[in-house]
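A.B. asks: Let me give you the structure first, and then I'll get to my questions.
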Amino acid sequence: MGKTASISHVRIAKSQCPICLETHSHNVPVLIHKELKDIKEDETWCAPSLCKEHDEMSKDYLGIVIISNDAPKEPNAVIKEEQANRTGKYVMMRRDAANELFDEDLSKLEFIFGDLELLNVLKALTPTKH
């Protein structure tokens, strides 16, 4: 029996969900080295993109990724993803409710960053069952 041919010059890219940080291969490209050379596993990362679960939810829900309170306090402050000090918590909020709560057009965004203070506000607005 001969060896099977290596297809390491063809790989499926990997991405990371910006909401839950799951590593995934949902809606990512297939990579083919143009000179048919090996593609190393650590060279398969592409830009962050939503995992399957959050991609399916994104039409009706906005992800709110909770970051630490050392975030800028100015309204509409832009925080780059690599600078965000994540807490590991996130909330999926219905887009119609987000439009009522925030004074911004968030329709084109998949997620936003919010601090712990926002998380507490959202908890206070959520009815609890007894």
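Values in this text are rule-based calculations from the coordinates and carry no lab data. Keep in mind it's a predicted model, so treat the numbers as computed, not measured. So basically every Cβ, Gly included, is an ideal-geometry build from the backbone, and we count neighbours across all protein chains shown.
A.B. asks: If one takes the longest principal axis of the Cα atoms in the chain, at what angle in degrees, from 0 to 90 and to the nearest 10, does the Cα axis of helix 116-125 lie?
C.D. replies: Taking Cα atoms only, the helix is inclined about 60 degrees.
A.B. asks: Exceeding 23 Å between C-alpha atoms, which entries from my cross-link table qualify? They are LYS40/LYS89; LYS89/LYS123; LYS52/LYS108; LYS40/LYS108; LYS14/LYS37.
C.D. replies: Pairs exceeding the cut-off: LYS40/LYS89; LYS40/LYS108.
A.B. asks: How much of the DSSP bridge set in the chain is antiparallel, in percent, rounded to the nearest 5?
C.D. replies: 65
A.B. asks: Follow-up. How big is the chain on each of its three principal axes, counting only the C-alpha atoms and giving the largest first in Å?
C.D. replies: 67, 32, 28
A.B. asks: For the stretch 27-97, run through the trypsin sites (Lys or Arg not before Pro) and keep only the ones in DSSP coil with at most 12 other Cβ atoms within 10 Å of their Cβ.
C.D. replies: Those that pass, being in a loop and sparsely packed, are LYS34, LYS37, LYS40, LYS59, LYS73, LYS80.
A.B. asks: Still on this structure, I have one more. Can you tell me the equivalent ellipsoid semi-axes for the stretch 58-125? Use √(5λ) from the Cα gyration tensor, largest first, whole Å.
C.D. replies: Taking √(5λ) for each Cα gyration eigenvalue gives 18, 13, 12 Å.
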